[in-house]
Amino acid sequence: MFAITIPIVMRQKHVFNRTMVIISLLALLQAGVGIYQFGRQQSVGLGVLGEPQLVSYRGPTSTIPADGGRFIRSYGTFPHPNIYGAFLVIGLLAMCYLYLLNDAVLYKWRYTKTVYENFKLFITNRSFYLRLLISAGMFVIMLGLLTSFSRGAWLAGLTTIFVMVVLAIIRGYWKPTLRLLFVLIAEAFVIISLLSPIILPRAELRIGQPAVDYRLTYNQMAFNIIEKNPFGVGIGNQVLYSVDTGIFRYFGLTKVWEWEPIHNLYLSIGSEIGLVGLLSFLGFLAIVLWHAVKHSSDLPEIAVLGLLVAMLTVGLFDHFLWTIQPGRLMLWLAIGLALSH
């Protein structure tokens, strides 16, 4: 119902643009909170907004090893860094859309006067300053995204930027897109140079890392559950079912903190609503994606397709798009925006 309502309120283009502005500002706020958390290595006192209590070296706080110690990952006001990272990917995409929009306006003028007069007209254009602010905002969001240390969000961000860049170039927006790409690469280079001792070890992905091994184990569990329950175990019941039937213990997950949902959106759906439910969902997504690709002729359509691809990429590595309310809102926001175009 949420996704179906979005196209109704998105009939006018200015509503979509304002929505992208709101998402960008919210992502900027979340990135600021996350950067502050990472700098202080503790909570910043926003519990009233949902910020969890972050404590180094004890409790459920997610940390990463680096430089002989452990660093708290940024949460923003979300319940987990991976969810925070996914939201910043949405915010970064919205910022990229606004950059392309203002860049296209800035360069649409045909400057025919003297060089000095053209330069004066250029730097006094409102879109020139908006583009500078957006570039600064992208830097802050990218820094916040990197301090989440969510590899799934990093991959989703790279994937959605790649999709957006390729489609924008194909559709004739190659000059604004190349300028955007230059800004993104320059900002990413600066951030990685500053934080490389912490970022580079986290970027490594191999068998034997707990995060990788646990995901592989949960995926094996999912196939086991689907094989035994082709019609599913019921929405929200996978963890309870796995505890009651001893599947967690069968796969070597004996500690209570290891009893988590399957870290894959599609396998979670298959285990809870069965093969028919999974195939129905995949068929629905295929229809939405087909129409999104078919009609991606303008910047808003390109942006919403990139957003949908980002969420579907995140779904390959985590469960929160299906199990946790902020994640569900992100997924169906992306689907609703795709339906609106």
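The values are calculated or read from the model by the stated rules, or taken from the named source; none is laboratory data. Owing to the predicted nature of the structure, the values given are computational and were not obtained by experimental measurement. A quick note on method: Cβ atoms are made from the backbone with ideal geometry, for glycine too, and the neighbour counts reach across all protein chains shown. Please note that ligands, DNA and RNA were not included when accessible areas were found on the heavy atoms of the full protein model with its side chains. Shrake-Rupley method; radii C 1.70, N 1.55, O 1.52, S 1.80 Å.
Looking across the range 41-90, the residues that are basic (K, R) and more than 20 Å from the chain's Cα centre (by Cα) come down to R58, R70. Of the residues making up the range 57-70, those that are in a loop (DSSP other than H, G, I, E, B), at negative phi and surrounded by fewer than 16 Cβ atoms within 10 Å (Cβ to Cβ) are R58, P60.
Among helices (runs of 4 or more DSSP H) entirely within the range 209-324, having at least 2 residues that are among the hydrophobic types (A, V, I, L, M, F, W, C) and open to solvent by 30 Å² or more (accessible area, probe 1.4 Å) singles out 210-228, 238-244, 265-294. L54 satisfies every condition listed in (1) within 30 Å of P300 (Cβ to Cβ); (2) buried (at least 21 other Cβ atoms within 10 Å of the Cβ); (3) not basic (K, R) except (1). Being part of a helix (DSSP H, G or I) and charged (D, E, K, R) is the filter here, so list the residues in the range 184-208 that pass it. Those that are part of a helix (DSSP H, G or I) and charged (D, E, K, R): E187, R202.
Of the residues in the range 148-175, how many are more than 22 Å from the chain's Cα centre (by Cα) and either open to solvent by less than 20 Å² (accessible area, probe 1.4 Å) or under 25 Å from G34 (Cβ atoms) (or both)? Steps first, answer last, please.
Residues of the range 148-175 more than 22 Å from the chain's Cα centre (by Cα): 169-175.
Okay, now just the ones that are also either open to solvent by less than 20 Å² (accessible area, probe 1.4 Å) or under 25 Å from G34 (Cβ atoms) (or both), so none.
The qualifying residues number 0.
Do we find that G85 is open to solvent by 20 Å² or more (accessible area, probe 1.4 Å), assigned to a helix (DSSP H, G or I) and small (G, A, S) in this structure?
In short, no.
All of (1) open to solvent by 30 Å² or more (accessible area, probe 1.4 Å); (2) in contact with a strand residue (DSSP E or B) (Cβ under 8 Å, 6 or more places away or on another chain); (3) modelled with pLDDT of 90 or more hold for R73 with one exception: (1). Checking each residue in the range 3-30 for being in contact with a Phe, Trp or Tyr (Cβ under 9 Å, 6 or more places away or on another chain) and either among the acidic types (D, E) or more than 18 Å from L305 (Cα to Cα) (or both) picks out L26, A27, Q30.
Starting from residues that are among the polar types (S, T, N, Q) and open to solvent by less than 20 Å² (accessible area, probe 1.4 Å), keep the ones in the range 22-42 and report whichever is farthest from E204 (Cα to Cα). Let's see the steps before the verdict.
Narrowing the range 22-42 to residues among the polar types (S, T, N, Q): 24, 30, 37, 41-42.
Then drop every residue that is not open to solvent by less than 20 Å² (accessible area, probe 1.4 Å), which leaves 24, 37.
Details: S24: 29, Q37: 24 Å.
Among them, the one singled out is S24.
In the condition set (1) within 23 Å of the chain's Cα centre (by Cα); (2) among the aliphatic types (A, V, I, L, M); (3) at pLDDT 95 or above, V293 is compliant with all but (3).
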